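Quick notes on the structure that follows.
The values are calculated or read from the model by the stated rules, or taken from the named source; none is laboratory data. Everything numeric in this text was worked out from a predicted model, so none of it was measured. Glycine gets a Cβ as well: all are built from the backbone with ideal geometry, and neighbour counts include every protein chain shown. The protein model used for the area step is the full one, side chains on, heavy atoms only, and it has no ligands, DNA or RNA in it. Shrake-Rupley method; radii C 1.70, N 1.55, O 1.52, S 1.80 Å.
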Amino acid sequence: MELVRSLWWSARTDGEAPFDTAHLKVYYPAVVSGTDAERLTGVFAPDPAGAPYPVVIFLSGVNVGQDAYRRYACEIAAAGFVVVTFDRVADLFGGQRGITPGVDLAAARPDAYGTRPTCPTITAVLAAVAELNEAEPLLGALDLDRIALGGHSAGGTVVLQSARFFPGVRAVFAWGAHTMVATMLGWDPGTVLPAQVTCPVLLGVGSNDGVIQGSADRYGETGDEARPDPVARTFTEALPDGDHLLAVVPGANHFGIADADPTAARAFLDGPAEAAALPPFARLTTLFLRTHLLDSASARAELAGFDDGVLLKRH
């Protein structure tokens with residue numbers, strides 16, 4: 001496995017202080033130099049062998065700290081990518097505050113949807129990544145013309161609603177995310193919004209996702225077993241023609257790619273984790289990204305024959 005190191009950065013976002021800052025963790029392929037500076041600071045240089053590296057921005061679910069995705073991010077970074085996660089504490093719904101990717105609710109209403117991103121935070125994070133590319137230790141190590149946006153749960157939803165507004169985005173991926181929209185925003189029950197994407201999309205979901213089922217009333221639906229899966233509906237109804245994939249991991253749940261914190265978020269709604277989603281979905285994600293960001297012929301061939309116990313559907 002490639003050596004992966006990380007560093008911290010900050011980005012100024014929208015919102016009123018102190019709820020106007022995203023704290024970034026940036027994972028990157030690194031190389032050991034053995035210098036005194038490395039020993040004393042713990043800062044490693046990026047591996048020049050694969051530079052400049054495509055950039056992957058990953059958005060958390062609501063009230064899910066970015067460290068929950070550390071193992072997933074490391075798997076992606078080890079495959080030759082710079083992966084950026086972040087924590088941003090700001091306004092949620094109903095006057096509450098917590099960790100959020102940042103959602104412009106007005107942009108998700110019927111009179112505005114599709115005219116701008118529903119997640120303005122992405123703009124701020126991309127600007128911060130550009131800053132990192134202008135200074136050591138990542139000077140010149142980032143390829144800002146090859147970007148992927150990914151997310152989990154609500155983070156994946158806003159990525160699907162926002163990706164086409166950002167130049168350089170060549171791939172989108174999400175776990176436990178869909179574009180079914182809340183009726184409180186003025187939409188009819190069960191409405192699946194068209195994804196704002198112009199690139200290949202990978203959607204992943206576990207068959208035991210209790211959080212999506214437990215949120216059915218938010219979308220004007222009932223949570224019975226006959227309810228069509230919103231992720232599958234997003235795959236069939238919301239995506240334009242393209243090289244898209246739907247991956248269902250039998251026995252996995254909503255937090256299958258994350259290390260869930262039992263004191264926060266809504267893991268208490270989740271179904272049993274009868275299967276591990278992280279190993280197969282991380283491998284699938286890296287093959288997907290290598291195919292569409294690195295134009296790797298070997299990754300494309302592996303992707304065509306991918307199994308790993310995952311039920312894979314192609315668009």
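Of the candidates R70, R146, R39, which one comes out as most mobile in a Gaussian network treatment of the chain with C-alpha springs shorter than 10 Å? Comparing R70, R146, R39 in a Gaussian network model of the chain, the most mobile one is R39. Comparing V231, G256, A282 along the charge dipole axis of the stretch 207-296, the residue lying farthest to the positive side is A282, per the Cβ-charge model.
Tell me the relative contact order for the stretch 1-136 as a rounded percent, counting alpha carbon contacts under 8 Å between residues six or more apart. Dividing the mean separation by the residue count of the stretch 1-136 yields 25 percent.
Phi-derived couplings, Karplus 6.51 cos²θ - 1.76 cosθ + 1.60 at θ = phi - 60°, listed residue by residue for the stretch 133-143: 6, 9, 9, 5, x, 9, 3, x, 8, 10, 9 Hz, with x used for Gly and Pro. Over the stretch 216-282, all Cα pairs binned in 5 Å intervals from 0 give whole-percent P(r) values of 3, 13, 18, 21, 22, 16, 5, 1, 0, listed from short to long. The relative contact order of the stretch 240-315, computed from alpha carbon pairs under 8 Å that lie at least 6 residues apart in sequence, is 45 percent. Of the GluC sites (Glu not before Pro) found in the stretch 1-56, those in coil by DSSP whose Cβ has at most 10 other Cβ atoms within 10 Å are E16. Among DSSP beta bridges whose residues both lie in the chain, state the antiparallel percentage, nearest 5. Antiparallel bridges make up about 50 percent of those DSSP assigns within the chain. Working note: Cα gyration tensor of the chain, eigenvalues times five, square-rooted, sorted largest first, giving semi-axes of 30, 23, 19 Å.
Entry comment: accessible area of the chain is 42 Å² per residue, from protein heavy atoms only and a probe of 1.4 Å.
Rounded to a whole number, what % of the accessible area of the stretch 22-154 do carbon and sulfur atoms account for, probe 1.4 Å? Mind dumping the intermediate values first?
Numbers: 2760 of 5170 Å².
It is 53 percent, rounded to a whole number.
A DSSP coil position with no more than 13 other Cβ atoms inside 10 Å describes the following GluC sites (Glu not before Pro) in the stretch 186-277: E225, E274. Once the cut-off is 22 Å, how many percent of the Cα-Cα pairs in the stretch 1-124 end up in the long-distance tail? Of the Cα pairs, 45 percent sit more than 22 Å apart. The mean sequence separation of alpha-carbon pairs under 8 Å and at least six residues apart, normalised by the residue count of the stretch 131-183, gives a relative contact order of 35 percent. Computed across the stretch 106-250, the Kirkwood hydrodynamic radius from all distinct Cα-Cα pairs reaches 16.1 Å.
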